[in-house]
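Okay, structure first, notes after.
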Amino acid sequence: MRTTDLSRIDPSRHLLIAGPTASGKSSLAMAVAQVQGGIIVNADALQIWSCWRVLTARPDIKDEATAPHRLYGHVDPGCSYSVGDWLRDVEPLLNQRLIIAGGTGLYLSALTRGLAYVPPTPPEYRDESDRILARDDGLAQLVGELDERTRERIDTRNPVRVQRAWEVWRATGRGLSEWQADTPPPLVDETQSQRLVLQADRDWLADRIATRFAQMVQSGALAEARHMQPFWDPAQQWARAIGAPELMAHLAGKLDLETATERAIIATRQYAKSQRIWFRGRMRDWQAWPVGPQN
């Protein structure tokens with residue numbers, strides 16, 4: 001099967017394209033849109049930020065003029081944005097044929113399986129959890145205070161997940177897993193969509209990641225970082241763009257550009273690995289779509 005062979009893609013249904021970073025999701029989405037029509041919708045939590053076009057490999061201006069795109073770069077730095085916000089933004093678009101492409105597994109899982117309502121937590125609980133997490137044994141302490149059911153279900157090595165679960169438990173008295181059990185129907189069920197997961201050889205993908213990031217630096221990623229340097233705060237959501245901390249460290253004189261680039265490439269490869277783990281574990285029922293030089 002060739003990556004660009006669209007004969008197996010059903011034009012009458014929404015198309016969902018998942019895959020690790022640099023695997024070619026945007027290219028496939030563009031090819032489908034040009035041949036079959038449809039609106040390309042972003043499902044990447046890093047590409048929502050208005051401040052990062054080059055660094056997050058958002059579609060360029062030419063691509064956006066060729067086919068309609070939605071939910072790219074539509075959130076300003078300093079705003080908060082959640083998977084629930086993304087679902088609310090997608091819902092009004094569903095009366096048209098959508099080509100939803102991205103690497104954020106949580107977005108795609110919530111779209112196709114439903115998302116439970118979890119109430120927002122007061123900021124004082126975030127402040128308290130930040131103080132605990134800053135300690136040497138902080139993560140272990142937060143994990144130990146979770147309810148048993150939640151502790152068994154979440155990745156207890158992930159500080160972001162643990163912190164969120166702890167704050168919900170403290171603020172509501174109900175465990176995160178209990179809230180998640182009350183899940184409404186999905187926005188897009190299996191009858192309404194075709195679901196693809198791009199699968200690539202690890203070495204081929206690693207080479208693409210390295211080449212692409214070097215091109216990003218030459219094509220404007222460093223300029224984007226320099227523009228955002230006065231506002232830099234690693235705790236902000238927009239600051240989680242892969243490669244941003246390394247470029248900021250270079251601009252601050254802590255790393256030379258070559259070292260910053262090497263470290264950013266390593267971080268991107270690690271991110272791709274975590275994406276593949278998510279897809280293998282939670283999207284086993286999606287259709288495998290091989291990509292790479294042999295396809």
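Any read-out appearing in this document is the output of simple, stated calculations on the displayed coordinates, not a laboratory observation. On a predicted model such as this, the values are computed, not experimentally measured, just so you know. Backbone-built Cβ (ideal geometry, glycine too); neighbour counts: all protein chains shown.
A few points about this structure:
- Ranking of 179, 289 by count of other Cβ atoms within 10 Å, fewest first: 179, 289
- A Förster radius of 30 Å, combined with the Cβ-Cβ distance separating residue 87 from residue 233, puts the computed FRET efficiency at roughly 0.70.
- Seen through its C-alpha gyration tensor, with square-root eigenvalues sorted a ≥ b ≥ c, the stretch 202-273 comes out prolate because a/c lies at 1.5 or above while a/b is bigger than b/c.
- Shape of the stretch 123-181, Cα gyration tensor, a/c cut at 1.5: oblate
- Calculated semi-axes √(5λ) of the Cα gyration tensor in Å (choose from (i) 30, 26, 18; (ii) 33, 28, 15; (iii) 33, 23, 19), label: (i)
- Here the stretch 129-198 and the stretch 1-57 have alpha carbon centers that stand 28 Å from each other.
- Shape category assigned to the stretch 27-100 from the gyration tensor of Cα positions, a/c cut at 1.5: oblate
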